[in-house]
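Read the figures in this text as sums done on the coordinates, not as results from a lab. Source: prediction; values computed, not measured. With ideal geometry, Cβ positions are generated from the backbone for all residues, glycine too; neighbour counts draw on all protein chains shown.
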């Protein structure tokens with residue numbers, strides 16, 4: 001739905017139409033607010049074939065979940081949808097201006113940023129092609145389906161100890177150090193207590209489903225690989241508006257309070273761009289809170 005709405009002052013513009021943004025838009029729509037969703041159509045989990053750990057939707061293709069949610073939100077007559085990237089944001093509470101990549105501008109009293117993040121993978125041949133299919137970041141999202149099989153953790157630094165200690169609950173775990181760090185004696189002992197083993201050789205590439213080929217020519221077949229990606233908020237809007245950021249172990253994210261309000265009055269943020277831990281379930285909950293909080297601010301602030 002892309003009506004000519006350039007002259008409309010929306011009650012809220014939601015930037016990002018994935019799980020968090022749709023959840024926020026739903027709350028605002030049901031509060032009978034005029035809502036515009038601006039979305040470029042690039043979901044973070046677009047590489048995954050199935051979504052897991054989401055009550056009522058376990059095992060369904062993520063694109064189906066997102067499309068059904070979009071249809072439900074757009075069934076509300078007070079919601080408009082704009083396909084495109086929001087490139088600029090300015091203004092202040094009651095009069096924000098968002099520019100879209102076609103050069104058009106939209107105005108709103110409140111903003112909800114649900115822009116998502118991008119994953120930066122280690123520079124290992126074959127890793128990106130398997131991202132979301134046999135290379136993962138979240139054990140809770142993908143660990144169960146490996147059926148207690150062979151799991152490799154590709155280290156990116158000491159942070160990867162977290163994966164190494166967690167994943168033995170999901171399968172036989174090998175920490176592939178890959179010269180990313182040198183485990184201390186205490187860390188080696190902790191891994192041993194959990195039944196995880198350490199492989200020190202450097203990785204040359206990933207083949208097959210999840211076969212790690214080392215520089216010395218050896219190969220180890222795994223059923224799945226886990227890696228802690230670096231993440232970055234994939235939109236400049238929060239920075240343009242002056243929102244504060246928080247530095248997490250994987251990267252910076254937008255700082256919010258318990259109601260998902262940012263440091264800028266009238267601007268709310270939700271989903272992966274505004275938290276350190278990520279999943280569809282977290283994103284939906286965040287979005288519901290952000291949408292309800294934006295509505296309450298329209299009433300009481």
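What ranking of 214, 10 emerges when the number of other C-beta atoms within 10 Å of each C-beta is taken as an exposure proxy, fewest first? Before the final figure, lay out each step's value.
Values: 214 17, 10 24.
Listing 214, 10 from fewest to most nearby Cβ atoms yields 214, 10.
Cβ crowding within 10 Å ranks 170, 131 as 131, 170, fewest other Cβ atoms first. As a rough footprinting exposure proxy, the listed residues 14, 35 were ranked by other beta carbons within 10 Å of their own, and the order from fewest upward is 35, 14.
Grab the eigenvalues of the alpha-carbon gyration tensor for segment 122-227, scale each by 5, take roots, and send me the semi-axes largest first in whole angstrom.
Gyration-tensor ellipsoid for segment 122-227: 19, 17, 12 Å.
So for segment 174-301, what percent of the C-alpha to C-alpha distances run longer than 17 Å? Write down the numbers at each step before the final one.
Details: 5613 of 8128 pairs.
I get 69 percent for the Cα pairs in segment 174-301 exceeding 17 Å.
How much length would be gained if the chain were fully extended between residue 201 and residue 158, taking 0.36 nm per residue of separation minus their Cα-Cα distance, in nm to one decimal? Provide the component values of the computation, followed by the final result.
Numbers: separation 43, 0.36 × 43 = 15.48 nm, distance 1.63 nm.
Result for the pair: 13.8 nm of gain on full extension.
Could you give the angle, 0 to 90 degrees to the nearest 10, between helix 280-300's Cα long axis and the longest principal axis of the Cα atoms of the chain? Here the helix axis deviates by roughly 20 degrees.
What is the extension gain from residue 188 to residue 88, computed as 0.36 nm multiplied by their sequence separation minus the C-alpha to C-alpha distance, in nm to one decimal?
Details: separation 100, 0.36 × 100 = 36.00 nm, distance 4.82 nm.
My answer for the length gained is 31.2 nm.
Shape call for the chain from the C-alpha gyration tensor, a ≥ b ≥ c root eigenvalues: rounded (a/c under 1.5), prolate (a/b greater than b/c) or oblate?
Working: a/c = 2.42, a/b = 2.16, b/c = 1.12.
In terms of gyration-tensor shape, prolate.
For segment 31-113, the fraction of alpha-carbon pairs lying more than 18 Å apart is 54 percent, rounded to a whole number.
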